[in-house]
Amino acid sequence: MSEWAHAHPRDFRQACRDGRYAGTTRGVALGYLQCNVVMIREAFAYEFLLYCQRNQGACPVIEVLDTGDPMPHLTAPGADLRTDLPSYAVYRDGCRLDDVTDARSLWQPDFVAFLIGSGITFDEALEDAGVPTGKDRWVLRTKLPTIRAGRFHGPMAVTMRWLSPEQAIRAVQVTARFPFNHGAPIHIGDPEAIGADLANPLVGPPVDKVRDGVVPVFWACGVTPQEAALAASLDVMVTHAPAHGFVTDWEARRLAIP
């Protein structure tokens, strides 16, 4: 278990800001809401918000910040989205550049930041239910279409986990309680049925085949809006690096169905 597993979000964010932590946010600040982040120009913000509204399973919006303001006043007062994530993905003109650990030099006065619920939030609940979360998970492109909004479009990205049949049942029951963190799985079984690209994962090593004794379980993924914004070829966009999200001050149960 990570030394940051039971850290308070403020302490963890400070470690990111100080450059003391740059790893994944899986297994850190357990029990707190994690979010994916997208920062784009105000000129594109309405279309992007509309895209998220039309594709809520993959893009559940938690907070939208005021133009030019990097502080999430609702979910983490005092935080700074330019420094308080462990790693950022940077896109220019439809191309992904090298990741960075500090986004202050990339921030634009007309940026609008979006916080989108992340499935990492329910890892603690899965572990409590006997469903392991530390390995056998990937982020994949699929052929499942999303609903277009202006220039934003593209297929859905998914998180795939290999689980035993018993674990898969428990995972459905647990994650259905977290609709603002992608909710229940969108597909269980044959990856080809949704066109999941096992050979070229967005996160994780290539998958030759699914092992015997496990079931592939797929959740909508917060990388989907990154892929849509990438397809839109925006001049500049800054997001969380996959699996390097923003840890808020809200407890995960705050948005969970009892």
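Go through the range 213-235 and report how many residues are among the polar types (S, T, N, Q) and over 18 Å from the mean Cα position of the chain (by Cα).
Residues that pass the stated criteria total 1.
So which of Glu63, Glu42 is under 16 Å from Arg151 (Cα atoms), at pLDDT 95 or above, in contact with a strand residue (DSSP E or B) (Cβ under 7 Å, 6 or more places away or on another chain) and of a type outside the set (Val, Ile, Thr)?
Unique residue meeting the criteria: Glu42.
Find the residue count for the range 140-175, including only residues that are within 14 Å of Phe122 (Cα to Cα), open to solvent by 10 Å² or more (accessible area, probe 1.4 Å) and either of a type in the set (Val, Ile, Thr) or in contact with a Gly (Cβ under 6 Å, 6 or more places away or on another chain) (or both).
3
For the range 235-251, what are the residues that are touching a helix residue (DSSP H, G or I) at 6+ places or on another chain (Cβ under 6 Å) and among the hydrophobic types (A, V, I, L, M, F, W, C)?
Met237, Val247
Taking Ala103, is it in contact (Cβ under 8 Å) with a residue 40 or more places away in the chain, touching a Lys or Arg at 6+ places or on another chain (Cβ under 7 Å) and either farther than 26 Å from Trp138 by Cα or open to solvent by less than 60 Å² (accessible area, probe 1.4 Å) (or both)?
Yes; evaluated as a whole, the condition is true for this residue.
Suppose the filter is within 16 Å of Phe122 (Cα to Cα), open to solvent by 20 Å² or more (accessible area, probe 1.4 Å), out of contact with any Asp or Glu (no Cβ under 6 Å at 6 or more places or on another chain) and touching a residue at least 60 places away in the same chain (Cβ under 8 Å); does Phe218 pass it?
No; evaluated as a whole, the condition is false for this residue.
Quick check on the range 102-129: of everything there that is touching a strand residue (DSSP E or B) at 6+ places or on another chain (Cβ under 7 Å) and hydroxyl-bearing (Ser, Thr, Tyr), which residue is nearest to Ala231 (Cα to Cα)?
Per the stated criteria, the residue is Ser118.
For the range 66-94, how many residues meet the condition of being assigned to a loop (DSSP other than H, G, I, E, B) and either open to solvent by less than 10 Å² (accessible area, probe 1.4 Å) or on the phi > 0 side of the Ramachandran plot (or both)?
13
Among the residues of the range 189-206, write down those that are more than 20 Å from Cys59 (Cα to Cα), touching a residue at least 12 places away in the same chain (Cβ under 8 Å) and of a type in the set (A, V, I, L, M).
If the condition is that a residue be more than 20 Å from Cys59 (Cα to Cα), touching a residue at least 12 places away in the same chain (Cβ under 8 Å) and of a type in the set (A, V, I, L, M), then Leu198 is the only one that fits.
Considering the range 14-41 alone, what residues qualify as being in contact with a helix residue (DSSP H, G or I) (Cβ under 9 Å, 6 or more places away or on another chain), open to solvent by 10 Å² or more (accessible area, probe 1.4 Å) and part of a loop (DSSP other than H, G, I, E, B)?
Arg20, Tyr21, Ala22, Thr24, Arg26, Gly27, Leu30, Gly31 - these are the residues of the range 14-41 that are in contact with a helix residue (DSSP H, G or I) (Cβ under 9 Å, 6 or more places away or on another chain), open to solvent by 10 Å² or more (accessible area, probe 1.4 Å) and part of a loop (DSSP other than H, G, I, E, B).
Within the range 143-201, how many residues turn out to be at negative phi and in a loop (DSSP other than H, G, I, E, B)?
19
Restricting the range 111-133 to residues that are open to solvent by 10 Å² or more (accessible area, probe 1.4 Å), out of contact with any helix residue (DSSP H, G or I) (no Cβ under 6 Å at 6 or more places or on another chain) and not in a helix (DSSP H, G or I), which is modelled with the highest pLDDT?
Here the answer is Gly130.
Taking Leu126 and the conditions (1) under 17 Å from Cys35 (Cα atoms); (2) under 18 Å from the mean Cα position of the chain (by Cα); (3) not acidic (Asp, Glu), which numbered condition does it fall short on, given that it satisfies the others?
The number of the failed condition is (1).
Take Val247 and tell me if it is open to solvent by less than 10 Å² (accessible area, probe 1.4 Å), outside any loop (DSSP other than H, G, I, E, B) and farther than 18 Å from Thr121 by Cα.
no
The values are calculated or read from the model by the stated rules, or taken from the named source; none is laboratory data. Computed from a predicted structure; not experimentally measured. Positions of Cβ are backbone-derived with ideal geometry, glycine not excepted, and every protein chain shown enters the neighbour counts. The accessibility values were calculated without ligands, DNA or RNA, using every heavy atom of the protein model including side chains. Shrake-Rupley method; radii C 1.70, N 1.55, O 1.52, S 1.80 Å.
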